[in-house]
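The values are calculated or read from the model by the stated rules, or taken from the named source; none is laboratory data. In this text the structure is predicted, and so the values were computed from the model without any measurement. When we count neighbours, we look across all protein chains shown, and the Cβ atoms used for this are built from the backbone with ideal geometry, even at glycine. Only protein heavy atoms, including side chains, enter the accessible area calculation; ligands, DNA and RNA are left aside. Shrake-Rupley method; radii C 1.70, N 1.55, O 1.52, S 1.80 Å.
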Amino acid sequence: MPATTAPAGTSRSTAKLLLFLVFFALTIFATYEKNARILDPTSPIARHYAPAKWYLPVHGVFGILAMGLAAFQFSNRLRARHLRMHRLLGYAYVTSVFISAPFAVVVALKIPKPFSVVAANCMQSLGWVVSTSIALYCVRIGNIALHRRWMIRSYPFAMVFTVGRTVSVFVPAVRLSPSAGEAVFWLAIALAAFLPSIFLDWPTMRPRNAERASTAAREPTTLLP
């Protein structure tokens with residue numbers, strides 16, 4: 001039996017590793033492309049963020065921590081072999097989210113932005129905090145299966161940061177129109193909200209699996225004394 005399951009597990013682990021490597025490479029590239037001169041007080045990007053200069057570092061540092069720590073939380077090997085470490089990293093991720101997300105709203109309110117963009121920032125932060133809070137609640141009551149599902153729902157709200165900047169880098173037309181950038185921002189938030197549910201439920205929506213689930217639901221259950 002182990003010989004038949006190992007290749008599939010190895011394949012999934014490799015795909016997961018490649019996904020995170022590509023994602024973090026895009027994050028670094030897109031962030032540098034937009035914020036390379038943020039430490040230069042005379043640069044446009046530094047002047048743009050100047051009203052929030054005391055809040056932006058807090059949001060940024062804990063946001064980076066959350067994005068990096070979550071990658072380790074998706075490691076089945078780490079969870080199986082080092083459960084205590086998995087838990088510590090999980091609480092560090094939750095703490096980072098609870099700090100970074102509210103400060104994102106503060107930064108959005110401090111710098112000059114249209115109200116619709118501020119609303120998008122608030123929506124992203126709210127989705128990130130709510131999904132993370134539910135994941136935390138589920139693990140505290142011992143429902144590990146739901147905890148994992150809500151952790152998967154939590155991370156895409158952090159990925160909005162990378163998606164929006166990556167699109168603006170590779171699609172120059174987005175940078176030419178503020179409304180286009182705003183549309184990309186809202187679209188990324190919408191995808192973060194419902195794509196994880198499709199990913200999680202897709203296996204049970206396949207005809208064969210759906211038929212099995214339906215059959216199991218119709219079978220009478222026996223209550224044990």
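Net charge of the neighbourhood of Pro51, taken over other residues with C-beta under 12 Å away and scored Lys/Arg +1, Asp/Glu -1, is +4. Accessible surface comparison of Ile45, Ile198, probe 1.4 Å, protein chains only, largest first: the order is Ile198, Ile45. Taking a Cβ cut-off of under 10 Å around Ser75, the surrounding Lys, Arg, Asp and Glu residues balance to a net charge of +4, with basic ones at +1 and acidic ones at -1. Ordered from largest to smallest accessible area (heavy atoms of protein chains, 1.4 Å probe), the residues His48, His147 come out as His48, His147. Running a GNM on the chain with Cα contacts under 10 Å, which residue among Arg79, Arg165, Arg148 ends up with the highest mean-square fluctuation? For the chain, modelled as a Gaussian network with Cα springs under 10 Å, the answer is Arg79. How much net charge surrounds Pro196 when only the other residues with a Cβ under 13 Å from the Cβ of Pro196 are counted, with Lys and Arg +1 and Asp and Glu -1? Taking every Cβ under 13 Å from that of Pro196, the sum is +2. Restricting attention to the chain, lysine pairs at least eight places apart or on different chains and with alpha-carbon atoms under 21 angstrom apart total 5. Rolling a 1.4 Å probe over the protein heavy atoms gives the stretch 121-185 an accessible area of 51 Å² per residue.
When Cα Rg over 2.2 N^0.38 Å is computed from the coordinates, the matching label among (1) 1.19; (2) 1.00; (3) 1.07 is (1). For the chain, relative contact order (Cα pairs under 8 Å, six or more residues apart, normalised by length) works out to 17 percent. Taking Phe194, Phe103, Phe74 as the candidate residues, the one with maximal mean-square fluctuation in a Gaussian network model of the chain, Cα springs under 10 Å, is Phe194. Note on Val171: accessible area approximately 70 square angstrom, rounded to 10, probe 1.4 Å, nucleic acids and ligands left out. Between the stretch 127-191 and the stretch 43-93, what's the alpha-carbon centroid distance in Å? For the stretch 127-191 versus the stretch 43-93, the Cα centre distance is 14 Å. Computed with every protein chain present, the accessible area of Thr31 is close to 40 Å² [probe 1.4 Å].
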